[in-house]
1. Any chance you could count how many residues in region 98-122 are modelled with pLDDT of 85 or more and open to solvent by less than 60 Å² (accessible area, probe 1.4 Å)?
2. Considering region 61-77 alone, what residues qualify as being open to solvent by 50 Å² or more (accessible area, probe 1.4 Å) and closer than 18 Å to Thr43 by Cα?
3. Of all residues in region 135-167, which are among the β-branched types (Val, Ile, Thr) and in contact (Cβ under 8 Å) with a residue 40 or more places away in the chain?
4. Please note which helices (runs of 4 or more DSSP H) are completely contained in region 189-297 and include at least 3 residues that are modelled with pLDDT of 85 or more and open to solvent by 60 Å² or more (accessible area, probe 1.4 Å).
5. If the requirement is being within 19 Å of the chain's Cα centre (by Cα) and not hydrophobic (A, V, I, L, M, F, W, C), which of these qualifies: Gly142, Gly87?
6. Being hydroxyl-bearing (Ser, Thr, Tyr) and buried (at least 21 other Cβ atoms within 10 Å of the Cβ): is that true of Ser170 here?
7. With Ser193, Ser215, Ser179, Ser170 as the choices, which residue is hydroxyl-bearing (Ser, Thr, Tyr) and in contact (Cβ under 8 Å) with a residue 40 or more places away in the chain?
8. Taking Ile177 as meeting all but one of (1) out of contact with any strand residue (DSSP E or B) (no Cβ under 8 Å at 6 or more places or on another chain); (2) open to solvent by less than 10 Å² (accessible area, probe 1.4 Å); (3) closer than 20 Å to His240 by Cβ, write down the number of the exception.
Amino acid sequence: MTADWVKEFVSYLVSERQLSSHTVRNYRFELDRVGELLPEGCTWAEATDEQLQAVLNKLHRKGLGPRSIALTLSALKQFCHYLLQEGYISKDPCINLSAPKQQKPLPKNMDLDSVTHLLSIEGDDPLALRDKAIMELFYSSGLRLAELAALDTRDIASGEHQVKVMGKGSKERIVPIGSMALQAIDDWLKVRSTLPCEDDALFVTAKGKRLAHRSIQARLNKWGQMQGLNARVHPHKLRHSFATHMLESSADLRAVQELLGHANLSTTQVYTSLDFQHLAKVYDGAHPRAKKRGGNG
């Protein structure tokens, strides 16, 4: 009877494999737990790979951590291998099982004081003005590295406080820009106009070539060190800081998702109906560096 297969497997682990009592106990617990989550009336002899994968996914949704799911998967695979070896089943349903993908932890964001300190760059050095404009824009509008690197000067609409961004999947979106970022961009554009630029790229090298992704990353990291910040500074950290600070101030998750260009952050709903006026209103009221030109503070 299949009900006895787990007991036989446990005895095998003790007598043949000589595993520790702790490991055997864990395996027994995992198999009992999976058995309880299988469809009613389903025996181990009848369990399919789809049913077992569904159990793993369910445990994942319940909040089971990566290590726990790895242990469950290990117990299942060894159990099924034993059943196949003993001739109890003719096909191993565990061959194609995989642990559910774990969400990557979000990078640590910078607090407002750290961002303010990072962006407090003085002087008229051309590269410093360019780099300040880059960092201000990252934090002001939450752009991805590839999005910022691909910007042309015509994508900036200073009078309307907007930037046109080409995001993932060639999806274009309009994102607000804070006045402090616009001022930094204006200061940079004055310098850029004196360079022999090859094309319309917004951010270029001293020789006028479009600034490469790695160069942008290296410059941000350098400024983080120069400004005495403890943690490494990179484009996604500024993007994540933008999102975090906006959410802390506005609590408007839908607007922030739209601003970031995340069409599928939610598995149940795609946020595509927000108009720009709503986004601009949330942005102006919430972003710490969105104050208007000439404003106090």
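1. Taking region 98-122 as the starting set, the residues that turn out to be modelled with pLDDT of 85 or more are 112-122.
Narrowing the set further to residues that are open to solvent by less than 60 Å² (accessible area, probe 1.4 Å) leaves 114-115, 118-121.
Result for region 98-122: 6.
2. Passing the criteria: only Lys77.
3. Of everything in region 135-167, those that are among the β-branched types (Val, Ile, Thr) and in contact (Cβ under 8 Å) with a residue 40 or more places away in the chain turn out to be Thr153, Ile156, Val165.
4. 213-226
5. One residue alone meets the criteria, Gly142.
6. For Ser170, the condition - hydroxyl-bearing (Ser, Thr, Tyr) and buried (at least 21 other Cβ atoms within 10 Å of the Cβ) - is not met.
7. Going through Ser193, Ser215, Ser179, Ser170 in turn, the sole match is Ser179.
8. (1)
The values are calculated or read from the model by the stated rules, or taken from the named source; none is laboratory data. Nothing here was measured: the structure is a model prediction, and the numbers come from that model. Backbone-built Cβ (ideal geometry, glycine too); neighbour counts: all protein chains shown. Calculation scope for accessible area: heavy atoms of the full protein, side chains included, ligands and nucleic acids excluded. Shrake-Rupley method; radii C 1.70, N 1.55, O 1.52, S 1.80 Å.
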